[in-house]
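Each reported figure results from applying straightforward, stated rules to the coordinates on display, with no laboratory input. Predicted model only: the values in this text are computed from it and were never measured. Cβ: placed from backbone, ideal geometry, glycine included. Neighbour counts: every protein chain shown.
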Amino acid sequence: MNTESIDLILNADRFVLYVRTALGCVILGLLVAGHLMGLL
């Protein structure tokens, strides 16, 4: 395994983590917004 493929794997890992975090934030935001709308 050369270093280029290792870098690609690490970047892919970081990308997946970033996407998962972004999706989590979006879902959390929607839940909070829905809760606030329910209160109003």
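Sum -39500 (n - 2.57) across every DSSP H segment of at least 4 residues in the chain, then divide by the residue count to get the 222 nm mean residue ellipticity, nearest 500. Can you show the working numbers first?
Working: 1 runs with 37 residues, N = 40.
Result for the chain: -34000 deg cm²/dmol, rounded to the nearest 500.
Could you give me the radius of gyration and the Dmax of the chain, taking only the C-alpha atoms into account and expressing both in angstrom?
Gyration radius and largest Cα-Cα distance of the chain: 17.4, 58 Å.
Under a crude label model (7 Å from the Cα following the beta-carbon direction), how far is Glu4 from Leu23 in nanometres?
Modelled inter-label distance: 3.0 nm.
What ranking do 31-40, 6-15 get when scored by the average of other Cβ atoms within 10 Å per residue, highest first?
6-15, 31-40
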